[in-house]
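The values are calculated or read from the model by the stated rules, or taken from the named source; none is laboratory data. Being a predicted model, the structure only gives us computed values, none of them experimental. In this analysis, Cβ positions are derived from the backbone assuming ideal geometry, glycine residues included, and neighbour counts consider all displayed protein chains. The accessibility values were calculated without ligands, DNA or RNA, using every heavy atom of the protein model including side chains. Shrake-Rupley method; radii C 1.70, N 1.55, O 1.52, S 1.80 Å.
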Amino acid sequence: MAQEFRWAFIGTGTLAKKVITEITASGWHRVVSAYSRNRENLVSFCEPYGIYAARSVEDAVKTADIDAVYISVTNEVHYEVCRFCIEHGKNVLLEKPFTINARETKELQMLAKTKGVYLAEAMWTWYSDVPNKVREIVLSGKLGRIKSVFMSYSKNSIGYAPRVSDPAKGGGAVLDIGIYPIAYAYRLFGYPKSIICKGDVREGIDYGEMIEFVYDGFTVKMDISIIESNGEACVIEGENGILVNPGFHYAEPAVLKTGDEIKIIEGRKGYLQEFDTVADEIRQGKTESTFIPPEMTYDCMRILDECRKQMNLVYPFEV
Ligand SMILES: NC(=O)c1ccc[n+]([C@@H]2O[C@H](COP(=O)([O-])OP(=O)(O)OC[C@H]3O[C@@H](n4cnc5c(N)ncnc54)[C@H](OP(=O)(O)O)[C@@H]3O)[C@@H](O)[C@H]2O)c1
C-alpha cells in the first residue's frame, strides 16, 4: 500500500483491541478517531495509539480525515451506527452478524449503493487464503460428487463477552458463531434447497442448534454450541476424495486426500489480511467486496432469519 490507510473505529471492545494491535503493527493502517460510550474505556483504548477520543459517532466520523469506518459495536446497534456512517458518505467495514435481520441488511446495502460508498461485512474468515482455496477445490470438481458435509463450531464461549448471553444485545449461538459454518457452507455450495434448524432456546437466547442444509444429493450437517465444546471441524466427503479442515473458521490449514495423494492447503489469514484487502478495494474505487459479495451477506442473513424463525427466537427489541 502506498500510504497509511486512515480508520475511524466505532466500538472499542474485546475485538477492536485485538484488531488494532494486529493492523497498526504493520505500519499501513492508522486509527485516527474512535468512539464508544464509556468515556474511561474509550480513553484507555485511544491513549496508547494517540487516537482522537470522539464524543459521538458523528464526531468520530466527521471531525477526522478518514478513509473508512470500522464498526465493532454489539449486534443490536450495527444497523443504526452503520446507517449513520453511510448517510454521511463514509466507507464502512461492519462486523458480523451484519445486522439483526435480512431486512436491515438490504436497507443498508441499498443505501450504500445510492450513496456510492464501500460497504462490506467483516467476516474475516473469507478474506483469508485457505477458505478461498477450499472453495476453488470444491468448485473444480476434484472431490467428485459431494456425498456428505459435516461442520462443527461448538465451543463453550458464552463467557467471551457479556453480549453473547444477552438477548437485549442480540446474543446467542447462531448470530455469534453459527454464522461461520453457515457462511462457509453457503460460499461453497450456495443457498440450500431447504433448511432444518433445531435449537436449544432458553432465557431469550439460543445456546446451540443442529442445522441441516439440504442440497441436491447431499446435506450439510452443522453442530453449533456456545455451552458445549465438541470442537471445530469441517469434513467434506466426495466420491473422489475427502477434505478435512479442523479450524475452518480460523482459516487454518486443510488436508485434501484424493486417492493416494495427500495435500496440505495453507495460506495467509488474520485481521491484517482483511484490513489490507478492504483498504486496497476502497483505493481501487470499489464499492463492494470481492471476497464477501453483498449477496452472500444478504443470503446468510436470510438463513439466520429462517433458523431463528424455526427456533421461535425473537429478541426483546423486535417485538
Ligand atoms: N470477526 C470476528 O472475528 C469477531 C470476533 C468477535 C466479535 N465479533 C463481532 O464484533 C462485535 C463486537 O464484539 P466484541 O466482542 O468486541 O463486543 P464487546 O467487547 O462487548 O464490545 C462492544 C463495543 O461496542 C461499544 N458499543 C456498544 N454500543 C454502542 C453504541 N451504541 N455506540 C458506540 N459504541 C457502542 C461498547 O462500548 P460502550 O458500551 O462503552 O459503548 C464496546 O466498546 C459483535 O458484533 C461481534 O459479533 C467479530
Report task. Would you point out which residue out of G171, G199 is over 20 Å from V255 (Cβ atoms) and in a loop (DSSP other than H, G, I, E, B)? Result -> G171
Query raised in the report: In segment 35-48, what count of residues is obtained for those that are more than 9 Å from the ligand (Cβ to nearest atom) and either closer than 15 Å to D59 by Cβ or part of a loop (DSSP other than H, G, I, E, B) (or both)?
Result: 2
Report task. Report whether or not M301 is of a type in the set (A, V, I, L, M, F, W, C), surrounded by 22 or more Cβ atoms within 10 Å (Cβ to Cβ) and on the phi < 0 side of the Ramachandran plot. Result -> yes
Query raised in the report: Out of (1) in contact (Cβ under 8 Å) with a residue 12 or more places away in the chain; (2) under 25 Å from C85 (Cβ atoms); (3) aliphatic (A, V, I, L, M), the odd one out for M110 is which?
Result: (1)
Report summary line: Listed by first then second residue, the pairs whose first member lies in segment 194-220 and is more than 21 Å from G172 (Cα to Cα), whose partner is among the aromatic types (F, W, Y) and in a strand (DSSP E or B), with beta carbons under 6 Å and at least 6 positions apart or on separate chains, are V220/F213
Query - Scope segment 177-193; condition touching a helix residue (DSSP H, G or I) at 6+ places or on another chain (Cβ under 7 Å) and without any contact (Cβ under 8 Å) to a residue 60 or more places away in the chain; matching residues - result: L188
Query raised in the report: Restricted to segment 25-34, and to residues that are small (G, A, S) and surrounded by 12 or more Cβ atoms within 10 Å (Cβ to Cβ), which residue is nearest to T63 (Cα to Cα)?
Result: S33
Query raised in the report: So how many residues does segment 285-319 have that are among the aliphatic types (A, V, I, L, M) and part of a loop (DSSP other than H, G, I, E, B)?
Result: 4
Report task. Would you tally the residues in segment 187-198 being over 17 Å from S148 (Cβ atoms) and open to solvent by 30 Å² or more (accessible area, probe 1.4 Å)? Result -> 3
Query raised in the report: In segment 157-168, how many residues are open to solvent by less than 90 Å² (accessible area, probe 1.4 Å) and either more than 11 Å from the ligand (Cβ to nearest atom) or assigned to a helix (DSSP H, G or I) (or both)?
Result: 7
Query - Residue within segment 99-117 that is outside any loop (DSSP other than H, G, I, E, B), open to solvent by less than 40 Å² (accessible area, probe 1.4 Å) and within 10 Å of the ligand (Cβ to nearest atom) present - result: no
Query raised in the report: Just to be sure, is E281 modelled with pLDDT of 95 or more and over 27 Å from K155 (Cβ atoms)?
Result: yes
Query raised in the report: So which residues in segment 82-96 are in a strand (DSSP E or B) and open to solvent by 10 Å² or more (accessible area, probe 1.4 Å)?
Result: E95
Requested in this report: Confirm whether D176 is among the acidic types (D, E), modelled with pLDDT of 95 or more and open to solvent by 30 Å² or more (accessible area, probe 1.4 Å).
Outcome: no
Report summary line: Exactly one of F98, F45 is in contact with a Ser or Thr (Cβ under 7 Å, 6 or more places away or on another chain), under 21 Å from S289 (Cβ atoms) and among the aromatic types (F, W, Y), and that one is F98
Query raised in the report: In segment 120-156, how many residues are open to solvent by less than 50 Å² (accessible area, probe 1.4 Å), within 16 Å of the ligand (Cβ to nearest atom) and not in a helix (DSSP H, G or I)?
Result: 6
Report summary line: All-but-one check, D65 against (1) open to solvent by less than 20 Å² (accessible area, probe 1.4 Å); (2) more than 9 Å from the ligand (Cβ to nearest atom); (3) assigned to a loop (DSSP other than H, G, I, E, B), failing number (1)
